[in-house]
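Quick note: the coordinates plus some simple rules give every number you see, no bench work behind them. Just so you know, these numbers come straight off a predicted model, no measurement behind them. Note: ideal-geometry Cβ built from the backbone for every residue, glycine included; neighbour counts use all protein chains shown.
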Amino acid sequence: MTERRIIVIGAGLSGLSAGVYARLGGYPCLIVEQYSGPGGVASCWKRGEYLIDGGIHFFMGHRPQDASSVLFRELLGGDMGDRVAEMRIYGRYVDENKGRRVDVTRDLDRLARDLKGYAGEDLDLINLIIEGARRLRRLDLSRVALYLPPELSPPLARLGEMWAMRRAWRSFSGAYGRSMSDFARACFDPWLSRFLANLFLPDVPVWFVCFLLALLADGGLGYLKNGSLDFVRSIEKRFLELGGDVAYNAPVESILVENGRASGVRLEDGRILRSGAVISAADGRETLFRLLGGRYLDKAAVERYSSWKLAPAGLTVSFGLRRELADEVPLTTISLMHPISFNGSKVQDLSLRIFNYSPAFAPKGRCVLQAWAEADFDSWQRLRDGDPSGYESEKKRAAEEILKRLEKHYPGISGQVELADVVTPATVRRITRNHRGASMAWMPTPRFFKTPLRRTLKGVSDFALAGQWVAGSGVVPCLLSGKHAVEILHRSGLKPSGG
């Protein structure tokens with residue numbers, strides 16, 4: 001049986017998806033996960049009566065009319081149902097220096113008026129963003145995430161994808177193909193420049209921000225009502241019901257390659273698990289450089305891992321509050337008048353999540369407010385390794401400093417805190433083994449979107465990669481990468497049980 005079995009490394013979204021599709025394809029499948037439970041970076045944990053969600057910020061592609069909804073039905077054994085709360089406001093941007101506040105709502109006309117009211121000299125740039133979003137409306141934008149990897153893509157496949165999106169071509173080229181940070185530098189008003197850079201990660205293409213605004217306007221964005229882990233557990237349940245197996249607390253030491261093919265894994269406790277194929281949905285660098293010993297790197301991979309920009313690591317502080325904050329916007333960015341400094345980082349912007357859209361996160365009359373700030377991985381890891389008590393003290397100090405800044409925006413909040421939960425980049429590294437403790441892989445730059453990444457490696461057969469390092473960040477790309485990994489193995493000749 002082991003000669004037909006697929007072993008999947010990692011029980012995050014990509015790994016669980018690979019497991020489900022392996023079983024749907026008739027393959028025996030074992031998922032091995034180094035942590036004690038599923039989810040990876042898409043996870044939640046309980047702290048007393050509070051549910052802390054460190055994972056999926058918002059959801060897309062879930063509506064019945066979206067092409068990607070088929071993916072969810074296959075993975076869940078049914079549709080999304082009422083799992084998603086509709087997003088009506090993408091976020092609020094607050095600038096302490098200028099005393100300005102803008103809500104990014106579903107009303108694109110309102111957004112245009114608000115921005116022009118503050119930055120009248122930049123009418124052309126504002127119009128370009130709004131018009132780009134309008135052109136993308138009422139298109140099935142989930143198709144953008146459904147592209148095939150090179151191994152599965154017929155020569156004319158991309159032409160078909162382009163034809164399906166032909167009405168929006170103008171919104172993907174020219175100025176829209178530049179990074180938002182580059183585009184924003186052309187603003188006369190420095191406030192508008194910072195606002196645009198904070199609409200998402202600053203290095204994404206302009207078209208990606210237009211894509212999000214269009215989805216928002218069409219009602220295509222939402223929040224998971226019961227948190228990331230509920231969604232993850234639903235996929236795990238589907239996998240187990242299909243006859244799959246999961247081994248937790250089973251870190252992998254190496255991937256076995258014999259006679260040029262992946263034949264199983266060696267666990268850190270010395271056990272050897274044999275298989276007919278291996279899918280790694282683990283951290284990309286961990287897979288290529290440690291589990292495979294760096295033996296199957298081509299020139300493109302070496303260049304990518306040595307020079308491509310990575311998404312930033314962060315410090316996440318969650319406060320359990322004796323307060324509802326029912327009327328507050330779920331996502332807010334605050335540009336601080338005076339930066340916060342802690343453990344090697346100077347923080348200019350705080351990103352807030354307020355979990356007030358569902359009763360799943362806190363008891364009645366209470367709420368979870370979560371603050372995120374970019375953080376330096378090396379500083380936190382050194383402190384954790386070399387001075388554990390100092391590490392805990394610095395975590396506490398960071399939470400206190402952030403709370404002081406929040407007091408200005410939510411008066412009385414300091415006296416309403418029942419718990420503070422702090423996650424550093426070192427925490428993320430320990431739980432997920434993600435490179436440099438970041439929850440994402442590559443920064444989604446214009447270059448990333450233009451570069452198709454292969455899921456196989458020259459010199460080793462019966463092996464495929466899945467996850468953020470080959471598919472990009474986001475729920476749909478990660479889930480789809482698991483499906484594609486199984487399809488690649490099937491096309492390469494791996495026979496299912498009874499096949």
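The table that follows gives values for the structure above.
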| item | result |
| --- | --- |
| For region 341-406 versus region 448-480, the gap between their alpha-carbon centres in whole angstrom | 31 |
| Dipole magnitude of the chain, debye to nearest 20 (Cβ charges: Lys/Arg +1, Asp/Glu -1, about Cα centre) | 840 |
| Charge context of ILE52, other residues only, Cβ under 15 angstrom, K/R +1, D/E -1 | 0 |
| Cα long-axis angle, helix 388-407 against the chain (0 to 90 degrees, to the nearest 10) | 40 |
| Gyration tensor (alpha-carbon) shape descriptor, region 414-499, a/c threshold 1.5 | prolate |
| DSSP bridge pairs, region 314-435: antiparallel proportion in percent, nearest 5 | 100 |
| Approximate spin-label separation LYS98-ASP385, in nm, with each point projected 7 Å along Cα-to-Cβ | 4.2 |
| Burial ranking of peptide ranges 360-369, 51-60, 455-464 (average Cβ count within 10 Å, highest at the top) | 51-60, 455-464, 360-369 |
| Electrostatic dipole magnitude of region 341-499 [Cβ: Lys, Arg +1; Asp, Glu -1; Cα centre; debye, to 20] | 660 |
| Amide proton proximity set for GLU418, modelled H, under 5 Å, gap of 5+ | GLY320, LEU321, ARG322 |
| Shape call, region 176-308: gyration tensor on alpha carbons, a/c limit 1.5 | oblate |
| The chain: calculated mean residue ellipticity at 222 nm from DSSP helix runs of at least 4, using -39500 (n - 2.57) | -10000 deg cm²/dmol |
| Matching label, Rg and Dmax of the Cα atoms in Å computed from the structure shown, candidates (i) 33.2, 140; (ii) 22.7, 69; (iii) 29.0, 113 | (ii) |
| Antiparallel content of DSSP bridges confined to the chain, in %, to 5 | 75 |
| Region 100-143 and region 35-63: distance between their alpha carbon centers, rounded to Å | 30 |
| Cα-based helix-to-principal-axis angle, 108-118 vs the chain, degrees rounded to 10 | 50 |
| Protection-proxy order for peptides 126-138, 80-92, each taking the mean of Cβ atoms within 10 Å per residue, highest first | 126-138, 80-92 |
| Rounded if a/c under 1.5, otherwise prolate or oblate - region 29-149, Cα gyration tensor axes | oblate |
| Charge context of MET180, other residues only, Cβ under 12 angstrom, K/R +1, D/E -1 | +1 |
| Trypsin sites (Lys or Arg not before Pro) restricted to region 251-317 and DSSP loop, no more than 13 other C-beta within 10 Å | ARG271, ARG295, LYS309 |
| Under 19 Å from the Cα of LYS98 - aspartates and glutamates, other chains or at least 8 residues apart | ASP114, GLU121, ASP122, ASP189, ASP349, GLU407 |
| Nearest-ten-degree value, helix 228-241 long axis tilted from longest Cα axis of the chain | 20 |
| Neighbour cut-off at most 16 other Cβ (10 Å), DSSP loop, GluC sites (Glu not before Pro), region 185-294 | GLU268 |
